[in-house]
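Heads up, the thing below is written out as structure tokens.
The values are calculated or read from the model by the stated rules, or taken from the named source; none is laboratory data. Because the structure is a prediction, the values reported are computed rather than measured. Please note: Cβ atoms are built from the backbone with ideal geometry, for glycine as well, and neighbour counts cover all protein chains shown.
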Amino acid sequence: MAGMRRLLYSGLALAAGTLLLSLAAGELLTRPVRARIGPPPPDLSAEPVHIPYGERQQVSGWFLPGRAGEGVVLLLHGVRGSRLEMLERARWLQREGIGSLALDLPSHGESSGDRISFGRREALGVQAALGWLRERLPEERLGAIGVSLGGASLLFAERQPELDALVLESVYPTITDAVQDRLVKRLGPAGAWAAPLLLLQIPLRLGLGVHELRPIEAIKDVRAPLLVASGTEDRSTRWVETEQLFAAAPEPKTLAAVPGAGHEDLRDFDTEAYEARLLPWLQSHLRKSPGQRGQTALGKMAA
């Protein structure tokens, strides 16, 4: 009898501990990650921007101008990051004449926000940034590069008019996949059993249903030329899941595997290969012909 009681108490203690750990993990995953970013590096030709949206919300970033007719790209970092993650991409694009806006997503860096929502509410800040770029550079073609959370935010955003080029890197297909993959990565097979405890917290913490966090459904509405990239050794968004996300997207689309890369910065992993593959693709969709550039210049003079 005493042995049964000890077993029962041990089971209750284990269940309570698991629940407490799950609640702590849910708080950590959704808590804002704000940071003081400060001014852009002195050697960077960049302008700090603060873009308002919604009710007293704003997103902050750095705008790097490019050459006329080469296009402009919105750069969006991954979860718990900031615009600093996209700084080297911004430098590289500017060297090639392409302008960019490196943004802190809502609830990150110097942007406002009270919870990380896995892309759904971050999309509102992304929409504001796209609108700002269209107003600032109405004659330029507009693209975007979104990494992980940044890519999901782009898919959930209302991109009207549609982008001229869209790059998604290491984007999860569903929140169920994302949570389970990360728990299995950290806890082994037991992580699959713990996943429901985290998923149950999403409606309570965010007021969102799990069914609202499915980039694999949102990607069906993309009408931009699309490039989907991911590492073949990514354990947080497995390669088979990237293939599923890609399969759900309409044409025109390109799938780019990065052999050996995990859930990490794909540019840092192999900078030379990344730039060699992405630059011509971006230029083919964003660059205007010399004749089109001349028409733009004449239009501005006539105005």
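Scanning segment 68-85 for residues being aliphatic (A, V, I, L, M) and either closer than 15 Å to Pro32 by Cβ or not in a strand (DSSP E or B) (or both) gives a total of 3.
Against the definition (of a type in the set (Lys, Arg), closer than 21 Å to Gly262 by Cβ and touching a residue at least 40 places away in the same chain (Cβ under 8 Å)), how does Arg182 come out, yes or no? Answer is yes for this residue.
In the condition set (1) closer than 29 Å to Ala195 by Cα; (2) without any contact (Cβ under 8 Å) to a residue 24 or more places away in the chain, Gln160 is compliant with all but (1). Could we say that Glu233 is more than 16 Å from the chain's Cα centre (by Cα) and assigned to a loop (DSSP other than H, G, I, E, B) here? When the stated conditions are applied, Glu233 passes them.
Taken together, the criteria place Leu206 among residues that are modelled with pLDDT under 95 and within 22 Å of Leu76 (Cα to Cα). Annotation note: of Leu245, Leu227, the sole residue that is in the same structural domain as Leu149 (by TED's automatic domain parsing), crowded, with 19+ Cβ neighbours inside 10 Å and assigned to a helix (DSSP H, G or I) is Leu245.
Does Ala192 meet the test of being of a type in the set (A, V, I, L, M, F, W, C), free of Cβ contacts under 8 Å to residues at least 60 places away in the same chain and in contact with an Asp or Glu (Cβ under 8 Å, 6 or more places away or on another chain)? So Ala192 fails the test.
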